1. Take Leu177 and decide whether it is open to solvent by 40 Å² or more (accessible area, probe 1.4 Å) and in a loop (DSSP other than H, G, I, E, B).
2. Can you find, within the stretch 46-77, the residue that is farthest from the chain's Cα centre (by Cα) among those that are part of a helix (DSSP H, G or I) and within 12 Å of the ligand (Cβ to nearest atom)?
3. For Leu142, all conditions in the list (1) open to solvent by less than 30 Å² (accessible area, probe 1.4 Å); (2) within 16 Å of the ligand (Cβ to nearest atom); (3) under 14 Å from the mean Cα position of the chain (by Cα); (4) at negative phi hold save one; what is the number of the exception?
4. For the stretch 230-278, which helices (runs of 4 or more DSSP H) that fit wholly inside it have 1 or more residues that are modelled with pLDDT of 50 or more and more than 18 Å from the chain's Cα centre (by Cα)?
5. Looking at the stretch 91-116, which of its residues are part of a helix (DSSP H, G or I) and in contact (Cβ under 8 Å) with a residue 60 or more places away in the chain?
6. Give the stretch 78-123 a look and list any residue that's open to solvent by less than 10 Å² (accessible area, probe 1.4 Å) and within 14 Å of the ligand (Cβ to nearest atom), or say none.
7. Taking only pairs six or more apart or across chains, which ones have beta-carbon atoms under 6 Å, a first residue in the stretch 125-137 that is on the phi > 0 side of the Ramachandran plot, and a second residue that is at pLDDT 95 or above and in a strand (DSSP E or B)?
8. Of the residues Gln71, Gln30, only one is over 22 Å from Tyr133 (Cα atoms), at pLDDT below 95 and either in contact with a Lys or Arg (Cβ under 9 Å, 6 or more places away or on another chain) or among the β-branched types (Val, Ile, Thr) (or both); which?
Amino acid sequence: MNYATIEIEQHDAVRRIWLARDSARNAQSQQMLDELDHALSEAAADDGVRVVVIGGRGQHFSAGHDLKEAQAKRANFTVEERWAYESLRYFDYCMRIWDFPKPTIAQVQGACVSGGFMIANMCDLVVASESAYFSDPVGQTLGAAATEVLIHPWVMGVRKAKEMLFAGGRVDAAEALRIGMVNRVVPDAELTAQTDELAARIAQAPPFGLRLIKRSLNRTLDSQGLRAALSAHFDTHQLSHLSEGFLRARDAGLAKAIVRSPSNEVRNEESLNHGAQA
Ligand code: ZN
């Protein structure tokens, strides 16, 4: 299959999937999410693939969901329409990455914001470059109950998650390493090479054993309530789309709301074009 918004590479047993809308800071359009899901299902079914790396072309991993598209196509969604859209493309697609039967690695540089934060943190491992930063400002900017998949406390601890979500700030690469949210931080120029090296090493292990290890590790978190908590948050998040705060942001323009936020420097860098979307 030919993709328009992602690029696929194969290096021995490592499948690379690149988010490839770098002129839009890899903002996740509907097409990109559909293509990513499709590419992952192909990689799952292909016995020649033992490890999947998800990376972003350009200077940023992903600035989040495509807000321009959201404003144009989904601003006036009914409850039912938004539920259908977000439960498939945001929640189910994310959980398919989480449940992917082979090890996955996110390689992250620059912005890893909101929708980008969700996808990177669905991966088993995260390799970040020194320029990477992590943020989910939509509580501040859009009046939304974080993003659809509240993976945050599971990967960064509840204290740090509350700070980031309440105050709308960012966590830089060094801090992400310190709190255990990423596995390693490498110079930007070495990000792809060092991620490849890690992926190649993982690909040497017998795949079925790795698959079972991943199932058991994920079940450890399930036994602590991860899946139930994520499902409950999705419902809560939907409620926030009907809130006064969200509707005000929507009426003023979703993308502009990111820019107007007083607390997050992301707003300026991501500009009016693209950014995190609830
Ligand atoms: Zn939403």
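The values are calculated or read from the model by the stated rules, or taken from the named source; none is laboratory data. The model shown is predicted, which means the values in this text are computed figures rather than measured ones. Because the Cβ atoms are built from the backbone with ideal geometry, glycine has one as well, and the counts that use them run over all protein chains shown. For the accessible areas, the whole protein counts, side chains as well, though only heavy atoms, and no ligand, DNA or RNA atoms are used. Shrake-Rupley method; radii C 1.70, N 1.55, O 1.52, S 1.80 Å.
1. no
2. Among those that are part of a helix (DSSP H, G or I) and within 12 Å of the ligand (Cβ to nearest atom), it is Arg74.
3. If we test Leu142 against (1) open to solvent by less than 30 Å² (accessible area, probe 1.4 Å); (2) within 16 Å of the ligand (Cβ to nearest atom); (3) under 14 Å from the mean Cα position of the chain (by Cα); (4) at negative phi, just (3) comes out false.
4. Details: elements: 244-252, 254-260, 266-270.
So the answer is 244-252, 254-260.
5. Within the stretch 91-116, the first condition is being part of a helix (DSSP H, G or I), and the residues that meet it are 91-98, 115-116.
Passing the criteria: Phe91, Tyr93, Met95, Trp98, Gly115, Gly116.
6. Result: Glu86, Tyr90, Cys94, Ser114, Gly115, Phe117, Met118.
7. From residues that are on the phi > 0 side of the Ramachandran plot, there are no pairs.
8. Gln71
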